[in-house]
Amino acid sequence: MANESIIKLFEGKKVRVVWDEEQEKYYFAVQDIVQVLTDSADIKQYVKRLRSRDKELDSVWGTICTPHQFVSTDGKKHAVNCSDLQGIFRIIQSIPSKKAELVKQWLAELGQMRIDQMIDPELTFQMAA
C-alpha cells in the first residue's frame, strides 16, 4: 500500500495529510487539526480533556483514529493519530471554535480537488507546475 504524505497549509499552519491509495481517501493528522482550531499550547492535554467531556466521541475514538507514519523534523518516522474526513468532522463538532466553519470549508475544497484530479489526471500535472 503506497501512501502519499503531504503537508497542506491552513492559515499558515501546517496540517499533515496522507492519501491512502488502498482506501482512496485522505487522512488528516488529528493533532494538527486540533491545533488549527484551538491554538492550544498542549494539544495532547486538550485532546484528553476533549475526550473526557464528550463520552460519545471517546467511545468511537479508536474507530475514527488510525495511526499513520510521518517523518518528523528530527528525520525519524513517528506514528500520528489520523482520521478521514468523516472522523475529522466528528472531532470538529466537539471543539468550540469560531474557526470550525473555515476548517470545514477548507477540508471540502481539498476533497473536491482530489475528486477533480481523479476525474481528470491532467489536473495533477497542472497543479504541480
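Values quoted throughout were computed directly from the atomic coordinates according to the rules given, and no laboratory measurement underlies them. From a predicted model like this one, the values you see are computed outputs, not experimental measurements. Positions of Cβ are generated from backbone atoms using ideal geometry, with glycine treated the same way; all protein chains shown enter the neighbour counts.
Details
- Couplings 3J(HN,Hα) of the range 14-20, computed from phi: 6, 10, 6, 9, 10, 9, 9 Hz, in residue order, whole Hz [Karplus 6.51 cos²θ - 1.76 cosθ + 1.60, θ = phi - 60°; x for Gly and Pro].
- FRET E, pair D42, I7, Förster distance 22 Å, beta-carbon r, rounded to 0.05: 0.50
- Put a dot 7 Å past the Cα of Q69, heading toward its Cβ, do the same for E122, and the two dots end up 3.7 nm apart.
- FRET E, pair E22, R49, Förster distance 41 Å, beta-carbon r, rounded to 0.05: 0.75
- At R0 = 25 Å, FRET efficiency that the Cβ-Cβ distance of A79 and L102 yields, to 0.05: 0.35
- Residues whose amide H comes within less than 5 Å of that of C82, counting only those at least five positions distant or on another chain, are V30, T66, H68 (H built at 1.01 Å from N in the peptide plane).
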